[in-house]
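A short write-up of the structure that comes next.
The values are calculated or read from the model by the stated rules, or taken from the named source; none is laboratory data. Source: prediction; values computed, not measured. Reconstructed Cβ throughout: ideal geometry from the backbone, glycine too, with neighbour counts over all protein chains shown. Protein only, heavy atoms only, side chains kept; ligands, DNA and RNA dropped before computing areas. Shrake-Rupley method; radii C 1.70, N 1.55, O 1.52, S 1.80 Å.
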Amino acid sequence: MSILIKNGRIITADADCIADIVIEGETIRAIGKDLPFNAEEIIDASGMLIFPGGIDPHVHLDMPFMGTYSSDNYETGTRAALFGGTTTVIDFILQKQGASLQNALDEWRSRANGNAIGDYSFHMAVTDFNENTKKEIQHFIEEEGITSFKTFMAYKGALMIDDRQMIGLMEEVKKQGGMITVHATNGDMIDYLVQKYREEKKFSPWYHYLSQPEVTEAEASERFADMAHYTGCPGYIVHLTCEGALNAVRNATRRNQNLLVETCIQYLVLDASLYEKNFEGAKWVMSPPLREKKDRETLWAGINQGIVKVVATDHCPFKWEQKLMGKDDFSKIPNGHPAIEHRMELLYSEGVHKGKISLNKYVEVTCTNPAKIFGMFPRKGTIGIGSDADLVIFDPHEKHTISVSTHHMNVDYSAYEGWEVTGKVKAVLLRGEVAIDNNECKIEKGFGKFIKRNKVSGKI
Ligand code: URP
Ligand code: ZN
Ligand code: ZN
């Protein structure tokens, strides 16, 4: 199949031009003005922006967590991602403590294989680092194409590892050519505060917020930075939310350390006042929690200063019935919120349209940097000859309203209900196939491919 996309304004991390794109099979064959190709299908993209397919490197699909499962599976989650212009996601496999990494990979594969509509890859979350786990790291990097290893410094008693395990894992991962990603908050301190509020019979979502103060994140980010510096292991902090944590990273850069930072769309556009809505605040119970307005401003600045490299979602949706598991106790509310579908449009509207970031920066943090950092570039994350034809055709002027009644995620509320956004995904191509057109998904479950990733250096 060949497709010619005519007259779109092509935006990459470092280019901005009006040109045609020729696609043959799964990849881009040519880019230029008035290309003399006869294609089987012609798409007129006049007046439209064309971005590379979005890459969301932080999602949780069908994940067993806090006594339940996140409500989007590979089919519904990757379909919703495509509607929002995200063509590739990276999900997290969770090792069971006492079991092998391979065991966890097999379990995740059985959920993803044949079900994904969009492309996907995996990070491996190491929750039990020991001599056996150590022996598995090389195989994951060399053979499975899983080159990033997630660690939790929080969720004590469930997913958290201690610093001894962290150092051991870092040494092995560095040796084999991988990277450590981290949920950097002080798990002991949070555990103490959660118990304290429960004993004081303070059970509303507001106390979820108070039990994870900024210092828990700032302290752990600094500690992680120091351990990564000491071991020389490439490091990436996921879902960084606040000024204190960003300053810890800024300090690390002064010794020429490359510490990569991701924030998520919610931390740029929402704030902790939402927890004042009594139990409705459960919709935004996530870890780390939403922060203050000053933190939002710090994060926007961090993007423009090049310290925040990626805007992801940490998509981890739960239906209202699941959130009700914590109606009498905030510590039982499943943590996470639905956003996989809205990242690209929200960031465009709040960031580019409102003048906070440039168009090139937008592509950099949503597409190009995730591809480079996680070993998928230039196959993914850019518009170039030979790259996968993952493309988003975007109307920068169309206004629309986000609502549960129109979204495609498998969740019965929207965390952004009634938000007016400017800019809309009109069509999406995935590996040369029209995936979304005219508000319809044109590809079936099973189309999504597992993307093996390359070794990574922690430098981009
Ligand atoms: O609240 C969150 N973030 N839920 C998903 C798990 C995690 O910590 O990323
Ligand atoms: Zn996390
Ligand atoms: Zn997460």
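Think of a 1.4 Å ball rolled over the protein heavy atoms: the chain then has 36 Å² of accessible area per residue. The residues neighbouring S204, those whose beta-carbon lies less than 14 Å from its own, together hold a net charge of +3 under the Lys/Arg +1, Asp/Glu -1 convention.
Contact order, relative form, for the chain: 22 percent (alpha carbon pairs under 8 Å, 6 or more residues apart, mean separation divided by residue count). Which entries of K156/K201; K150/K372; K332/K449 have Cα-Cα distances beyond 23 Å here? Violating the 23 Å limit, Cα to Cα: K332/K449. Alpha carbon centre of region 136-189 versus region 441-460: separation in Å? What the calculation gives is 21 Å, centre to centre. E214: net charge of surrounding residues, Cβ under 11 Å, Lys/Arg +1, Asp/Glu -1, itself excluded? Residues close to E214 contribute a combined charge of -3. Counting only C-alpha contacts under 8 Å and six or more residues apart, can you give the relative contact order of region 264-304 as a whole percent? Taking the mean separation of contacting Cα pairs over the length of region 264-304, I get 49 percent. The angle separating the long axis of helix 214-231 from the principal Cα axis of greatest extent in the chain is about 80 degrees. Multiplying the residue separation of M1 and K399 by 0.36 nm and subtracting their alpha-carbon distance yields 140.0 nm.
Give, as a single signed number, the net charge of other residues whose beta carbon lies under 10 Å from the beta carbon of I460, with Lys and Arg counted +1 and Asp and Glu -1. Local charge sum for I460: +2.
Heavy atoms only, probe 1.4 Å: what % of the accessible area of the chain goes to carbon and sulfur, would you let me know? Before the final figure, lay out each step's value.
Working: 7790 of 16750 Å².
Carbon plus sulfur share of accessible area: 46 percent.
For the chain, leaving out every one of the trypsin sites (Lys or Arg not before Pro) that falls in a DSSP loop and has at most 11 other Cβ atoms within 10 Å, the longest unbroken run is 34-200.
Counting 0.36 nm for each residue step from E276 to K293 and taking away their Cα separation leaves a gain of 4.6 nm. When the charge dipole of the chain is built from unit charges on Cβ atoms (+1 for Lys and Arg, -1 for Asp and Glu) and taken about the Cα centre, the candidate among A30, Y416, A15 whose Cα reaches farthest toward its positive end is A15.
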